[in-house]
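Notes follow the structure.
The values are calculated or read from the model by the stated rules, or taken from the named source; none is laboratory data. This structure is a prediction, so every number in the text was calculated from the model and none was measured. For neighbour counting, all protein chains shown are included, and Cβ atoms are generated from backbone atoms with ideal geometry for every residue, glycine included.
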Amino acid sequence: MRRGRSYRSAFAQPEAGGWGWVLAGVLLILVGGTLWWLWRGPGSGGPAGDGGAQSGSAGPGEDLTIWFASRQEDALVAEKRRLPPLQSPVERARASLQELIAGPKGDALRTIPAEVKIRELFIDTQGAAYVDFTEGFSQTHPGGPWAELLTLRSIMQTLVANVPEIKRVQILIEGHEMETLAGHIDIRRPLDTTWGMNQR
């Protein structure tokens, strides 16, 4: 009898107050799980705010529009480039032209020889951009009035699309003003950014 009473007493105590402990434990688990889920973020490897950086998705950055020659060489066509955030107009201008020099990724044609480099680039307070290229720009250009026109238009439209602060562009070769790039179009003075839009 004593043994029966001890079993009954062992199980009688939870009936009186033990359910409260069980419910408290379940709630504690639920609250803890919810807090962990919120901190980790659904489907991420860190805090919820880090999902984009951890997952390798597009993440922060900005799109640049780069203009190349069409396959038929009768117009310009645009390609998008996703780059890390760029802080200043000069950085955007340089990055845009470097992508132009790197060449197209689709069916378009390049307008600047691949070996060309940008020596210097700055923008004055009146919105004139001065872009100094290496001498290979003129030496390795294929020549011809239409090819020269497409090259200059691709530079102008690429800069206009990505750096609205630029109003005029002066092209230099090895730090010097040139009469022409390849013998046809006068580039001794800064070209207005609307010039590229009006040349057909």
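Given Leu149, Leu109, Leu83, Leu76, which one is closer than 17 Å to Ile187 by Cβ and in contact (Cβ under 8 Å) with a residue 12 or more places away in the chain?
Going through Leu149, Leu109, Leu83, Leu76 in turn, the sole match is Leu149.
Just checking, does the range 92-108 include any residue being more than 17 Å from Ile66 (Cα to Cα) and surrounded by 15 or more Cβ atoms within 10 Å (Cβ to Cβ)?
No, that holds for no residue.
So, Pro142, is that one over 23 Å from the mean Cα position of the chain (by Cα), of a type outside the set (A, V, I, L, M, F, W, C) and closer than 24 Å to Asp74 by Cα or not?
For Pro142, the condition - over 23 Å from the mean Cα position of the chain (by Cα), of a type outside the set (A, V, I, L, M, F, W, C) and closer than 24 Å to Asp74 by Cα - is met.
Would you confirm whether or not the range 114-134 contains a residue that is surrounded by fewer than 20 Cβ atoms within 10 Å (Cβ to Cβ) and free of Cβ contacts under 8 Å to residues at least 12 places away in the same chain?
Yes - at least one qualifying residue is present in the range 114-134.
Can you find even one residue in the range 71-86 that is assigned by TED's automatic domain parsing to the domain that holds Thr158, at pLDDT 95 or above and out of contact with any helix residue (DSSP H, G or I) (no Cβ under 9 Å at 6 or more places or on another chain)?
Yes: one or more hits.
When the range 87-111 is examined, which residues are found to be more than 18 Å from Val169 (Cβ to Cβ), in a loop (DSSP other than H, G, I, E, B) and of a type outside the set (Asp, Glu)?
Listed by number, the residues that qualify are Gln87, Gly103, Pro104, Lys105, Gly106, Ala108, Arg110.
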